1. Cut-off is 10 Å between beta-carbons; in what order do B:Tyr86, B:Tyr74 appear when sorted fewest neighbours first?
2. Please give the charge dipole size of chain B, origin at the Cα centre, charges +1 on K and R Cβ atoms and -1 on D and E Cβ atoms. Round to the nearest 20 debye.
3. Could you list B:Cys88, A:Cys23 in order of exposure, starting from the residue whose Cβ has the fewest other Cβ atoms within 10 Å?
4. Rg (Å, one decimal) plus Dmax (Å, integer) for the alpha carbons of chain B?
5. Sequence gap at least 6, Cα distance under 8 Å: using those rules, report the relative contact order of chain B to the nearest whole percent.
6. Taking 8 Å as the Cα distance limit and 6 or more residues as the minimum spacing, I'd like the relative contact order of region A:46-115 as a percentage.
7. Among A:Glu11, B:Glu58, rank each residue by its count of other Cβ atoms within 10 Å, from fewest to most, as a rough exposure measure.
8. Can you work out D for the protein assembly as shown in µm² s⁻¹ from Stokes-Einstein, where Rh is the Kirkwood radius over C-alpha pairs, the temperature is 37 °C and the viscosity is 0.692 mPa s?
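Nothing in this text is a laboratory measurement; each read-out follows from the coordinates by a stated rule. None of the values given here were measured: they were computed from a predicted structure. Methodologically, a virtual Cβ is constructed for each residue, glycine included, from the backbone with ideal geometry; neighbour enumeration extends over all protein chains shown.
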Amino acid sequence: DAGVIQSPRHEVTEMGQEVTLRCKPISGHDYLFWYRQTMMRGLELLIYFNNNVPIDDSGMPEDRFSAKMPNASFSTLKIQPSEPRDSAVYFCASSQQGGGNQPQHFGDGTRLSIL
Amino acid sequence: QQPVQSPQAVILREGEDAVINCSSSKALYSVHWYRQKHGEAPVFLMILLKGGEQKGHEKISASFNEKKQQSSLYLTASQLSYSGTYFCGTEIPVLYNQGGKLIFGQGTELSVKP
């Protein structure tokens with residue numbers, strides 16, 4: 001079975017540019033999560049969706065960050081304009097249910113570098 | 001709200017045992033454990049639910065003490081493949097009738113040497 005698919009795997013861009021990260025969850029999973037991982041802050045939840053509807057976006061750092069899930073098989077995380085402090089690994093994860101009853105399956109991540 | 005893991009790092013020789021602890025200041029509904037190898041994604045190990053249930057996965061097991069608001073991960077007879085960073089994730093309810101979210105600890109780096 002295909003796992004969570006993220007693209008691109010690596011992104012290097014200059015400050016001020018728009019960045020779009022993409023995620024395809026596992027088919028049949030109702031929940032989708034976006035995480036950011038840095039050495040300083042660890043693994044942080046940015047936002048998560050249930051059946052394409054955002055449930056909690058309290059982890060989104062600023063208005064420069066936005067996320068959408070137009071359908072059950074696709075989600076995007078957008079940063080506009082990007083800043084060097086946004087450099088991190090961004091993971092997308094999906095699960096059959098939210099909360100603690102089901103495991104979260106992580107994609108391979110997007111390694112983002114903002115110059 | 002972030003759970004606290006201890007120790008931050010541990011070095012083992014192959015065959016030795018280790019315990020990683022995860023403590024929360026909030027009531028625990030469930031605890032997840034994941035392992036992440038360098039440059040890779042976190043991989044699910046196990047979930048523990050309310051009730052002090054102990055689960056196992058190969059030679060890795062875990063316990064959940066609801067009263068103490070903590071969970072412990074036990075690695076016995078460690079293998080080289082156990083090396084990586086271990087994260088616990090504790091469930092935080094968000095909305096009624098909606099699955100809650102996980103808040104992850106800062107991680108425990110485990111190195112197993114030959």
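1. Values: B:Tyr86 24, B:Tyr74 15.
With the fewest neighbours first, B:Tyr86, B:Tyr74 line up as B:Tyr74, B:Tyr86.
2. Values: 11 positive and 9 negative charges, 41 e Å.
The dipole magnitude comes to about 200 debye.
3. Values: B:Cys88 30, A:Cys23 25.
Least to most surrounded, the residues fall as A:Cys23, B:Cys88.
4. Cα radius of gyration and Dmax of chain B are 13.9, 49 Å respectively.
5. On the way: 291 pairs, mean separation 40.3, N = 114.
About 35 percent, as a whole number.
6. On the way: 95 pairs, mean separation 16.1, N = 70.
RCO, region A:46-115: 23 percent.
7. Working: A:Glu11 18, B:Glu58 12.
With the fewest neighbours first, A:Glu11, B:Glu58 line up as B:Glu58, A:Glu11.
8. Numbers: Rh = 18.1 Å.
D, rounded to a whole number, is 182 µm²/s.
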